[in-house]
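Trainee: Following this message is one structure expressed as structure tokens.
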Amino acid sequence: MSLLTILLYIVFVLAAIVLTVVILLQEGKGGGFGDALGTAGTQTFGVATKGIQTFTGIVAGVFLVSAFLIHYFNRLSGESSLVGGTPSAVEAPADGGGAGGGGE
């Protein structure tokens, strides 16, 4: 795994965390986590509604771009983002009977 891919994973995880927090802080039709904090939620960031929506859009863009770049660089290097490695094709049983078939 290259250094660039590791940095992209770090950016990806940080963007996911920031995006989750910022979305929860936004005020919806029925309130939300931002209301639970009171005015401290908006005072913490010091931005108006337009500003926090713009910030959310930028973080979402960083999240999506980093996800696509991680996928692209993993494809180029032949690595898989799966824990167990690259998935292999499902092999047929050696006896050729298959599941539930056979005339025993």
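The values are calculated or read from the model by the stated rules, or taken from the named source; none is laboratory data. This one's a predicted model, so the numbers in the text were calculated from it and none came from an experiment. Quick reminder, even Gly has a Cβ in these numbers, built from the backbone with ideal geometry, and neighbours come from all protein chains shown.
Trainee: Considering every residue within the stretch 44-56, establish whether at least one is basic (Lys, Arg), in a helix (DSSP H, G or I) and at pLDDT below 90.
Mentor: Yes, the stretch 44-56 contains a residue that is basic (Lys, Arg), in a helix (DSSP H, G or I) and at pLDDT below 90.
Trainee: If you check 77, 88, 66, which single one turns out to be under 28 Å from the mean Cα position of the chain (by Cα), more than 24 Å from residue 16 (Cα to Cα) and at pLDDT 65 or above?
Mentor: Unique residue meeting the criteria: 77.
Trainee: Does any residue in the stretch 1-27 that is under 15 Å from residue 75 (Cα atoms) come within less than 6 Å, Cβ to Cβ, of a residue that is of a type in the set (A, V, I, L, M) and part of a helix (DSSP H, G or I) six or more places away or on a different chain, and which pairs are these?
Mentor: Listed by first residue and then by second, the contacts come to 8/69; 8/70.
Trainee: Taking the stretch 3-43, which residues are in contact with a helix residue (DSSP H, G or I) (Cβ under 7 Å, 6 or more places away or on another chain), of a type outside the set (A, V, I, L, M) and at pLDDT 60 or above?
Mentor: Those that are in contact with a helix residue (DSSP H, G or I) (Cβ under 7 Å, 6 or more places away or on another chain), of a type outside the set (A, V, I, L, M) and at pLDDT 60 or above: 5, 9, 12, 26, 27, 33.
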